[in-house]
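Single-structure report; data block below.
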Amino acid sequence: MMRGPMRPSWDEKLETWARFLHHYGKRSTVLPLSFQRKMVGVAPSTALTRGMRYEKVSAGGVPAEWFRAPEADDARVLLYLHGGGYSIGSIDSHRELVSRICIASGMRGLVVDYRLAPEHRFPAQLEDALAAYRFVLKDVPASRIVIAGESAGGGLTFSTLLSLRDARQPMPAAAVAISPWVDLEATGESMTTNARYDYVSRPVLRVYAKRFVRDHELRHPLAAPIHADLRGLPPLLVQAGGAETLLDDARRIATRARAAGVDVTLEVDDDMIHVWHMFAPFEPRGQSAIERIGAFAKTHVARRAREDAARVN
């Protein structure tokens, strides 16, 4: 018997990709970690990425790469922290996604190749993100920086902001967390209700968490920001898919931040799975979410510029 798509708005292409990723994701962690890293290794070159300029750099001792679109404003920087459960993923695997965000925001991007677990456990990733931020600060004021990341990189975005706040360092103009992973114990109800649609699952996240932290650190606020005091953070855009297992991570961190007085915009895209932005080449809703990130970044950098000008005058 033929059946329709698993979600009302999925077309054949999105359904095919979602099903493939779902079945691979469930089984991925039984494969050698070296194979998992190779599977997400290098995104294919596209017309979009061929139009970008890339430059490798040591960002405070951390391998990183500048992303520049033809119309990018070098005076504004998007510091991007990639996802991958803190143990897979790289600059190369995220080249298409970050290029699109840079184009949408009109900013040059610095993408950080932070150290990966389990070879390097928490807080190595956070240390690298902070080193990269300080590197950018040497040439660009904090008011012209936006920090962004997806999945584990979304969690790392929160951790970076918290560390900057606690160290009384200049805060960026804003931050963006896409499908953020902020609860290392995977306790959200959506881990169950959306399990049949998404390619991220509770068992897989628990494997990633074991690689990333030791058991006593599962609730460390800089590893699992759902447990942190979120006061004093800059404006936040949190995006999540309505059909993803990490939906409740996004909802809960947004609710907690708002209760702490943070300016939070939470966007939930119906029927979308984890980091649907990567489907932007064929899924308009992926590109639409990216365009909203660009608009958010532009708005808040401009707002901080106006505030800085008012203080000078």
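For the chain, averaging the sequence separation of C-alpha pairs within contact (under 8 Å, six or more residues apart) and dividing by the residue count gives a relative contact order of 18 percent.
One chain, two ends: residue 309 and residue 169. Fully extended at 0.36 nm per residue, the span grows by 48.4 nm beyond their Cα-Cα distance. Only helices enter this figure: runs of n ≥ 4 DSSP H residues, each worth -39500 (n - 2.57), summed and divided by the residues of the chain, yield -12500 deg cm²/dmol at 222 nm to the nearest 500. If the chain between residue 265 and residue 139 were fully stretched, how many nm would it gain, using 0.36 nm times the residue separation less the Cα-Cα distance? Stretched fully, the residue 265-residue 139 segment lengthens by 42.5 nm.
Which aspartates and glutamates does residue 210 reach when only Cα atoms under 16 Å apart count, and residues fewer than 8 places away in its own chain are ignored? Partners found: 119, 183, 185. Between residue 216 and residue 31, the contour length at 0.36 nm per residue exceeds the Cα-Cα span by 64.0 nm.
Ranked by the mean number of other Cβ atoms within 10 Å of their residues, highest first, the peptides 18-29, 109-120 come out as 109-120, 18-29. If R0 is taken as 25 Å, the Cβ-Cβ distance between residue 124 and residue 24 corresponds to a FRET efficiency of 0.40. In this structure, the amide hydrogen of residue 267, modeled 1.01 Å from its nitrogen in the peptide plane, lies closer than 5 angstrom to those of 238, 239, 240, counting only residues at least 5 positions away or on a different chain.
I need the peptides 76-87, 49-60, 125-136 ranked by packing, meaning the mean over residues of other C-beta atoms within 10 angstrom, with the highest value on top. Can you show the working numbers first?
Numbers: 76-87: 25.7, 49-60: 14.0, 125-136: 21.5.
Highest-to-lowest ranking by the protection proxy: 76-87, 125-136, 49-60.
With percent of Cα pairs over 23 Å apart in mind, check (i) 67; (ii) 53; (iii) 61 and report the label derived from this structure. Recomputing percent of Cα pairs over 23 Å apart here picks out (ii).
Readers should treat all values here as calculations from the given coordinates under stated rules, not as data from a laboratory. Quick caveat, the model's predicted, so the values are computed rather than measured. Heads up, the Cβs are rebuilt from the backbone with ideal geometry, glycines too, and the neighbour counts pull from every protein chain shown.
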